[in-house]
Structures are given as structure tokens and as C-alpha cells.
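K.L.:
Structure below; questions to follow.
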Amino acid sequence: MQFLSQLKAGQQAVISAIEAEESLFHRLSALGFRVGKPLSIMRRASFNGPLHVRLGTTDVILRVTEANRIQINAI
């Protein structure tokens, strides 16, 4: 099991599960984070800062705590 927060810039993955409380789950779903959806990490901020994630043509900035709730399978 690997989490989105563990990917390095340039790596790609597919979402395998989202384990979050209901409000965060709905927010992530609204942003396009769904099981089976491919994504890639564009950039990582220094000092454990936010992640720049690309889902298709949508770019999203996520906190590391939110990325720790998204399980992925690296491609």
C-alpha cells in the first residue's frame, strides 16, 4: 500500500482508495479524486509543503495530510 504523499515529482499513479472522513471525501470527490482515476505529481513544495497534482487536465494543490488519505498504485 502506497499513499499519494509518497510519490515523487514526475511519477504517475492510479487511485486505489480514499480513506477520509465524509466531508473531506466529498471535497476530494468534487475535485476529481475518484478510485481508478490516473494522476501525476507535478511538483512538491519544500519542507513537507503541499503537492501539485494533475488529474487529467485539472491541477490541484493538496496538503500532505490530505494526500496521506489517498491510497495509490504507482504506474
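K.L.:
Give the carbon-plus-sulfur fraction of the accessible surface of the stretch 11-74 in %, rounded to a whole number; probe 1.4 Å, heavy atoms of protein chains only.
P.N.:
Of the solvent-accessible surface of the stretch 11-74, carbon and sulfur hold 51 percent.
K.L.:
OK, next. If I build a Gaussian network model for the chain, linking alpha-carbon pairs within less than 10 angstrom, which residue out of Ile61, Ile15, Ile41 has the largest mean-square fluctuation?
P.N.:
Ile61
K.L.:
Can you tell me, using C-alpha contacts under 8 Å and at least 6 residues apart, the relative contact order of the stretch 2-74 as a whole percent?
P.N.:
44 percent
K.L.:
Here's a follow-up. Go through (1) 20, 13, 12; (2) 16, 14, 12; (3) 31, 14, 8 and flag the label whose value is the computed semi-axes √(5λ) of the Cα gyration tensor in Å for this structure.
P.N.:
Matching the structure shown: (2).
K.L.:
Let a ≥ b ≥ c be the square roots of the eigenvalues of the Cα gyration tensor of the stretch 24-65; is it rounded (a/c under 1.5), or, if not, prolate (a/b larger than b/c) or oblate?
P.N.:
Taking the square roots of the gyration eigenvalues as a ≥ b ≥ c, the stretch 24-65 is oblate.
K.L.:
Give me the 1.4 Å probe accessible area per residue for the chain, excluding ligands and nucleic acids, in Å².
P.N.:
60 Å²
K.L.:
Round to the nearest 0.05 the FRET efficiency obtained for His52 and Ala74 when R0 = 22 Å and r is the Cβ-Cβ distance.
P.N.:
Efficiency computed from Cβ-Cβ geometry: 0.80.
The values are calculated or read from the model by the stated rules, or taken from the named source; none is laboratory data. Small disclaimer: the values here were computed from a predicted structure and weren't measured. Counting neighbours? That spans all protein chains shown, and the Cβs are built from the backbone with ideal geometry, glycine included. In case anyone asks, the SASA skips ligands and DNA or RNA and just uses the protein heavy atoms, side chains included. Shrake-Rupley method; radii C 1.70, N 1.55, O 1.52, S 1.80 Å.
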